[in-house]
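A.B. asks: My questions will all concern the structure given below.
The values are calculated or read from the model by the stated rules, or taken from the named source; none is laboratory data. Quick caveat, the model's predicted, so the values are computed rather than measured. Cβ atoms come from the backbone with ideal geometry, glycine included; neighbour counts cover every protein chain shown. Remember, those area values only see protein heavy atoms, side chains included, never the ligands or the DNA or RNA. Shrake-Rupley method; radii C 1.70, N 1.55, O 1.52, S 1.80 Å.
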Amino acid sequence: QDGKLSAFKAVYSFYAGQSLGDRDGMVLLGLFGGYNVYDHLSHSCWSSPEVLTGSKVVVTKDVNDLKLTVFDVESGDLGIYFRSTRSRTPGTKAVRYGKNDDQILRWFENHANLLQKYSVGRLTPGGFKSILRYPSLNDPTNCSRAVTRGVEVVASSIYAVENGGMFVFSIRMRMLRPEEPDYMSPEERGFDTCQLVSRYWRITHGGEVEEVRGAGVVGYYPLLREGDHESLVSDDGGRTFHEEDSGEGIREKYFSYQSCTDGEEGSMEGYLQFKAGSILGGAG
């Protein structure tokens, strides 16, 4: 037990816990990041030690207490506890990262390696800034990328047990800059700006195929330009637009939005349609 407690004390002597961040300033500082889709927010921080029961101590905590990482100071084991938003039934998943004496150290090291594959950005357009738990282009095995006429679209997903067992996916889009691979000049691509018009998704799960078509994405019609974008919103199906305030007057590298599907395994493919120039202004 001394060895297990030594590893536990070593981690906390290095980092004794943290707050979730500044909600008024729209920044969440949780070391374990999160995601936000519709009304589902998940964001985890490194917690000050908090006894859950008996020898079990909470070491990470979700903003809604839906996901907890728990360390057993007697056995040295780690467990992830979930409380589903649908059933509210606690569950646990054993995690092992080496010998019992150093599991918590190995687990922390594993997360430090994962941070190299994550990115920092807005959880939603104009929303909280945070470490994003979606795989980024630093993790090409779990991230898809397509470039058409200098416009890049990146997609990735995560399985969210704590939110009822659903898949949350993130779609990021931007126009590439001159110093980046696959860049095309305005003369080559034929426009200076372009605006998202519509989306189409083909979702296969449980032996069934679902097709989704719609204007924009979740009410947004982003206007892209090299190294920048405008998060344009329409309340009337794309007839008029206004720009949403980013909260700090600073735009992110990508326009990013999130959505979700149910928890059945499957696949998803599709496309985004853009208009050269802008929807109301024509070619640009």
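A.B. asks: What pairs come up if the first residue lies in segment 261-275 and is over 19 Å from V37 (Cβ atoms) and touching a residue at least 60 places away in the same chain (Cβ under 8 Å), the second is among the charged types (D, E, K, R) and part of a strand (DSSP E or B), and their beta carbons are under 7 Å apart, counting only those six or more places apart or on different chains?
C.D. replies: E269/R202
For (1) of a type in the set (D, E, K, R); (2) modelled with pLDDT under 85, each residue gets a yes or a no:
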| residue | (1), (2) |
| --- | --- |
| F241 | no, no |
| S246 | no, yes |
| G249 | no, yes |
| S256 | no, no |
| D262 | yes, yes |
| E265 | yes, yes |
| Y271 | no, no |
| A276 | no, no |
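A.B. asks: Right, next: Filter segment 113-131 down to residues that are farther than 25 Å from D39 by Cβ and in contact with an Asp or Glu (Cβ under 9 Å, 6 or more places away or on another chain) and give me whichever is least open to solvent (accessible area, probe 1.4 Å).
C.D. replies: The extreme case among them is L114.
A.B. asks: Then there's this: Determine whether Y134 is closer than 23 Å to V63 by Cβ, out of contact with any Asp or Glu (no Cβ under 6 Å at 6 or more places or on another chain) and open to solvent by 80 Å² or more (accessible area, probe 1.4 Å).
C.D. replies: no
A.B. asks: Out of all the residues in segment 127-154, which are under 14 Å from the mean Cα position of the chain (by Cα) and touching a residue at least 60 places away in the same chain (Cβ under 8 Å)?
C.D. replies: Those that are under 14 Å from the mean Cα position of the chain (by Cα) and touching a residue at least 60 places away in the same chain (Cβ under 8 Å): G127, F128, K129, S130, I131, L132, R133, Y134, V154.
A.B. asks: Looking at (1) over 16 Å from the mean Cα position of the chain (by Cα); (2) part of a strand (DSSP E or B); (3) at pLDDT below 85, which one does G121 not meet, given that it meets all the others?
C.D. replies: (1)
A.B. asks: Turning to a different aspect of this structure: Against the definition (touching a residue at least 60 places away in the same chain (Cβ under 8 Å), surrounded by 14 or more Cβ atoms within 10 Å (Cβ to Cβ) and touching a Pro at 6+ places or on another chain (Cβ under 9 Å)), how does S256 come out, yes or no?
C.D. replies: Yes.
A.B. asks: Quick one: R106 ticks every box in (1) farther than 28 Å from G190 by Cα; (2) touching a Cys at 6+ places or on another chain (Cβ under 8 Å) except a single one, so which number is it?
C.D. replies: (2)
A.B. asks: Out of segment 140-153, which residues are open to solvent by 20 Å² or more (accessible area, probe 1.4 Å) and either over 26 Å from C194 (Cα atoms) or in a strand (DSSP E or B) (or both)?
C.D. replies: Of everything in segment 140-153, those that are open to solvent by 20 Å² or more (accessible area, probe 1.4 Å) and either over 26 Å from C194 (Cα atoms) or in a strand (DSSP E or B) (or both) turn out to be P140, T141, N142, S144, R145, A146, V147, T148, V153.
A.B. asks: Tell me which strands (runs of 3 or more DSSP E) are completely within segment 161-216 and hold 2 or more residues being surrounded by 16 or more Cβ atoms within 10 Å (Cβ to Cβ), or say none if there are none.
C.D. replies: Answer list for segment 161-216: 166-175, 194-205.
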